[in-house]
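Here's the structure, in structure tokens; my notes come after.
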Amino acid sequence: MLKKNLSRKKFLAVTIASLAGIKIMPSINQDQKTILSDRRAVGRTGIIVSPVGFGASRTNEESLIKYAISKGINFIDTGRSYNNGNNEKLVGKAVSGMRKDIVIQSKIRLDPNEVTSGGKGKKGAEEIRSVLSSKTDASLKALGTDYIDILLYHDASEENLLFHDAVMKFFEEMKSSGVIKAHGFSTHNDLLNLHERNNKELFYDIIMVPFNHKGSFVHSVTGRYSEWDQNRLVSALTDAGNKGIGVIAMKTCSGGKYSPSPDIEPCFREAVRWVINHPYISSAAIAMASFEQVDEYF
């Protein structure tokens with residue numbers, strides 16, 4: 001690992017030199033070469049990402065996102081609800097000028113209280129479309145882009161809404177019109193029925209799911225504890241991978257530090273490695289809040 005603050009200094013030096021019109025090629029170590037060369041397909045979508053993704057939810061620093069990109073990360077995860085939409089604005093500014101080289105994943109939430117009809121009938125379909133359209137438009141505006149690579153249904157919990165005809169029609173229309181390249185859903189709890197149903201219906205291109213060596217996590221904001229049947233989850237993810245569904249892992253470090261053997265000191269780096277060593281994982285989206293954390297995962 002690099003010494004503390006060394007990476008920040010390097011990054012600032014490169015930035016200053018670039019502004020002066022001087023091109024500097026930063027040194028790349030072996031792990032960075034692995035990240036740069038080991039890009040992975042996200043299921044059958046045609047999208048290619050770095051096995052480590054930058055979770056932007058915990059940062060307000062545009063320079064930190066740019067630093068992660070300079071290290072080889074091309075996949076950035078954000079969401080409409082993060083910091084009241086300001087996180088999307090931050091990501092949009094950070095990737096300005098290199099948008100085509102970056103894969104942006106964002107999320108929109110459909111809360112049951114926003115669908116007063118319960119999703120029933122024509123009124124329910126209209127409510128669903130109105131909410132999803134409004135939030136997608138807001139995400140595009142905040143990101144400063146005319147397309148989003150991956151758009152997820154955020155924090156899915158109710159199966160009847162996730163697989164509602166109006167919801168699926170909306171996502172398909174967004175994809176066919178080019179507003180998004182791929183769609184999917186994220187879920188935080190032990191709701192393996194959602195993944196197992198998607199493995200049967202093969203509708204959503206991508207699933208985002210908590211996955212770590214411990215099989216549980218404590219939410220950093222709400223303090224909520226969640227755990228899952230690890231064997232059942234691995235079976236569902238293996239099935240998804242075999243069927244061409246992309247799998248994005250989250251909460252990869254929330255299970256604590258990990259060591260694969262007695263001669264290696266437990267650390268978060270190894271916890272991440274444990275996750276991405278599973279062949280069905282397209283990328284691990286890790287919430288990073290400092291330059292030192294970016295270095296640690298490389």
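The values are calculated or read from the model by the stated rules, or taken from the named source; none is laboratory data. Bear in mind that the values here come from a model prediction, so they are computed numbers and not experimental data. Reconstructed Cβ throughout: ideal geometry from the backbone, glycine too, with neighbour counts over all protein chains shown. Ligands, DNA and RNA are stripped out before the accessible areas are found, and what is left, the full protein with its side chains, is counted by its heavy atoms. Shrake-Rupley method; radii C 1.70, N 1.55, O 1.52, S 1.80 Å.
Counting only protein chain heavy atoms and rolling a 1.4 Å probe, the accessible areas of 146, 111 rank, largest first, as 146, 111. A Förster distance of 22 Å, applied to the separation of the beta-carbon atoms of residue 263 and residue 214, puts the FRET efficiency at 0.55. Mean projection of the Cα convex hull over all viewing directions, computed for the stretch 149-298: 9.9 nm².
Dipole of the stretch 53-134 computed with +1 at Lys/Arg Cβ and -1 at Asp/Glu Cβ about the Cα centre; of 87, 112, 131, farthest Cα towards the positive end is 131.
A simple packing score, the average count of other Cβ atoms within 10 Å per residue, orders the peptides 254-267, 170-183, 115-128 as 170-183, 115-128, 254-267, with the highest score first. Computed from Cα atoms, the angle from the helix 165-176 axis to the main principal axis of the chain rounds to 50 degrees.
Which distance in Å, rounded to a whole number, links the C-alpha centroids of the stretch 58-119 and the stretch 202-276? That distance is 21 Å.
Taking the Cα centre of the stretch 61-121 as reference, the dipole from Cβ charges on Lys and Arg (+1) and Asp and Glu (-1) amounts to some 140 debye.
Couplings for the stretch 198-204, taken from phi via the Karplus curve 6.51 cos²θ - 1.76 cosθ + 1.60 with θ = phi - 60°, read 5, 5, 8, 7, 6, 8, 6 Hz in order; Gly and Pro are left as x. Kirkwood analysis of the stretch 52-169, using all unique Cα-Cα pairs, places the hydrodynamic radius at 15.0 Å.
About its Cα centre, the chain has a charge dipole of approximately 840 debye under the convention of +1 per Lys or Arg Cβ and -1 per Asp or Glu Cβ, with nothing else charged. Between 145, 252, 187, find the one with the highest GNM mean-square fluctuation for the chain; connect C-alpha pairs within less than 10 Å. Residue with maximal mean-square fluctuation among 145, 252, 187: 145. Karplus-based coupling profile of the stretch 222-238, in residue order and whole Hz: 8, x, 6, 9, 9, 9, 8, 7, 4, 5, 5, 5, 4, 4, 5, 5, 4, with θ = phi - 60° in 6.51 cos²θ - 1.76 cosθ + 1.60 and x standing for Gly or Pro. Helical content of the chain, expressed as a calculated mean residue ellipticity at 222 nm, amounts to -12000 deg cm²/dmol (DSSP H runs of 4 or more residues, -39,500 (n - 2.57) each, divided by residue number, nearest 500). The residues of the stretch 126-270 present an accessible area of 43 Å² per residue when probed at 1.4 Å with all protein chains retained.
Please name which of 235, 203, 220 has its Cα lying farthest along the dipole of the stretch 186-253 towards the positive end, using unit charges on Cβ (Lys, Arg +1; Asp, Glu -1) and the Cα centre as origin. Going by the Cα projections, it comes out as 220. Using the Cβ-Cβ distance between residue 138 and residue 113 with R0 = 22 Å, the FRET efficiency computed as 1/(1 + (r/R0)^6) comes to roughly 0.75. Please tell me which of these pairs span more than 24 angstrom C-alpha to C-alpha: 169/243; 181/214; 71/100; 135/175; 66/89? Those over the limit are 181/214.
Legend: translational diffusion of the chain by Stokes-Einstein, Rh = Kirkwood radius over C-alpha pairs, 20 °C, 1.002 mPa s; D = 108 µm²/s. Highest mean packing comes first when the peptides 281-294, 59-72 are listed by Cβ atoms within 10 Å, giving 281-294, 59-72.
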